[in-house]
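In what follows, a single structure is set out as structure tokens and then discussed.
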Amino acid sequence: MEYRKIGESDLELSVITFGAWAAGGWMWGSTDRNDAIGAIKAGYDLGVTSIDTAPIYGQGESEEIVGEAIKGISRDKLQLVTKFGMRWDLAKGDFAFKSKDNDGKEIDIYKYAGKESVIYECEQSLKRLGTDYIDLYQIHWPDVTTPIDETFEAVAKLIEQGKVRYAGVCNYNVEQLKEAGKTLEIVSNQIPFSMVNRGVERETVPYCIENNKAILAYSPMERGLLTGKITADYKFEEGDHRKGHAFFKPESIEKTNRFLAKIKPLADEKGASLSQLVLRWTIERPGITIALVGARNEKQAVQNAGAIKVKLSTDEIQFINTELKNAGF
């Protein structure tokens, strides 16, 4: 495995970091707790020492699964990355959307990062994860109802208390990053990035490169679309958020699969899967520090970790970039 420094901190994360959203089941149709625990352990055995989760994933279930999976592993051998600022148990802040929990019960989700809420959420996360500190604590989404300085004053207090090591953000634009940085050093920004979704390269990525902020790319496989296993007639389980999503419309799937067919011979030549080729390309992209990759079972976790063995030359990266452009991405 390869490890990269996060901003100007002394925190290093595994370049393939385990993304535990799907492990929580919520918005992915379902979860198998034992499979998810097995996936985290299998990844760890191959050097995937960093795990990214959030309270909202399964309304606590993902963090509990992570906590169970890491029992018995020396804490200093792990990097735990979690979030705050999305409440399903408190109607306060900026209403985000309606949803259903894993039991099918309707819930309202709010983006809220008031000072007392950040402190409370941290305590809950520490309990679920079974740890006394979080390596990287990130606001999940901007909360327009709370001043940014108030939010990060709370995080600064948690750092003082030793409950959090470093502060990061998710889904922040350049202006929000600058504002947050006035209160506290922000070491990273977690943003969506994939071969077919590169809008952040216009402003956010250049700013992060220039100011030495790490970028944690989420959905690098575009929620499974870039595996090449999704067909135009694919049937999604009830509760799976991908159903009806623009990327998963039949014409989008077909367009993506035509592109993937062009780069598959390169994957074959390297004895790699399409997913592994896509992940290697992602972590070679300028400004991208870490790829957050989900796995539902051990087999997927092992395959994800294997992406690190794929080596790409400058010419091969250029070939992929050209095919992306030709495909209209």
- Given the C-alpha centroids of the range 290-321 and the range 210-289, what is the distance between them in whole angstrom? 11 Å
- Message: Let me check against my output: what whole-number percent is the relative contact order of the chain, with C-alpha pairs under 8 Å and at least 6 apart?
- Response: 21 percent
- For the chain, which whole-number percentage of the solvent-accessible area (1.4 Å probe, protein heavy atoms only) is attributable to carbon and sulfur atoms? 48 percent
- Message: Helix 115-129 against the longest principal axis of the chain: what's the angle in degrees, Cα atoms only, rounded to the nearest 10?
- Response: 60 degrees
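Please list GLU12, GLU160 from largest to smallest accessible area, probe radius 1.4 Å, with all protein chains kept in place.
Final ranking, largest accessible area leading: GLU160, GLU12.
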- Message: Per residue of the range 249-260, what does 6.51 cos²θ - 1.76 cosθ + 1.60 with θ = phi - 60° give for ³J(HN,Hα)? Whole Hz please, x for Gly and Pro, Karplus curve as stated.
- Response: 5, x, 5, 5, 4, 5, 4, 5, 5, 5, 5, 4
- Message: Using the Karplus curve 6.51 cos²θ - 1.76 cosθ + 1.60 with θ = phi - 60°, what ³J(HN,Hα) values do you get for each residue of the range 231-248, in whole Hz, with x for Gly and Pro?
- Response: 9, 4, 9, 4, 9, 8, 5, 4, x, 7, 5, 6, 4, x, 5, 3, 5, 10
- Message: I'd like the antiparallel share, as a percent to the nearest 5, of DSSP beta bridges with both residues in the chain.
- Response: 30 percent
- Message: Could you put LEU46, LEU177 in order of accessible surface area, largest first, with the 1.4 Å probe and the full protein assembly present?
- Response: LEU46, LEU177
- Reachable lysines from LYS178, criterion Cα separation under 17 angstrom, eight or more residues apart if same chain: LYS213
- When every alpha-carbon pair in the chain is counted, what percent end up more than 27 Å apart? 42 percent
- Would you mind checking the tilt of helix 33-45 against the longest principal axis of the Cα atoms of the chain, expressed as 0 to 90 degrees and rounded to 10? 80 degrees
- Accessible surface ranking that places the most exposed of GLU251, GLU210 first, with a 1.4 angstrom probe: GLU210, GLU251
- Query: Amide H of VAL164: which non-local residues (sequence gap of 5 or more, or other chain) have their own amide H closer than 5 Å, using H built in the peptide plane?
  - Reply: ILE134, ILE159
- Task: May I ask for the angle, rounded to the nearest 10°, between helix 274-284 and the longest principal axis of the chain, with both axes built from Cα atoms and the value confined to 0 to 90°?
- Result: 60 degrees
- Report ³J(HN,Hα) in whole Hz for each residue of the range 86-102, in order, from the Karplus equation J = 6.51 cos²θ - 1.76 cosθ + 1.60 where θ = phi - 60°; Gly and Pro get x. 10, 10, 10, 10, 8, 8, 8, x, 9, 4, 9, 6, 8, 8, 10, 7, 5
- Cα-based Rg and Dmax for the range 202-329, where Dmax is the largest Cα-Cα distance (Å): 15.2, 44
- Within straight-line cross-link reach of LYS229, lysines at Cα separation under 24 Å, skipping those fewer than 8 residues along the same chain: LYS243, LYS249, LYS255, LYS262, LYS264, LYS270, LYS299, LYS309, LYS311, LYS325
- Note on the structure: Mean-square fluctuation maximum in Gaussian network of the chain, Cα pairs under 10 Å, restricted to ILE107, ILE308, ILE16, hits ILE107
- Query: Cβ under 9 Å from VAL81's Cβ, VAL81 left aside: what net charge do those residues give with Lys, Arg +1 and Asp, Glu -1?
  - Reply: -1
- Item | Distance histogram in 5 Å bins (all Cα pairs of the range 78-204, percent per bin) | 2, 11, 20, 21, 20, 15, 9, 3, 0
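The values are calculated or read from the model by the stated rules, or taken from the named source; none is laboratory data. These numbers come from a predicted model, not from an experiment. Every residue, glycine as well, gets a Cβ built from its backbone with ideal geometry; the counts of neighbours run over all protein chains shown. Surface areas here come from the heavy atoms of the whole protein model, side chains and all, with no ligands, DNA or RNA. Shrake-Rupley method; radii C 1.70, N 1.55, O 1.52, S 1.80 Å.
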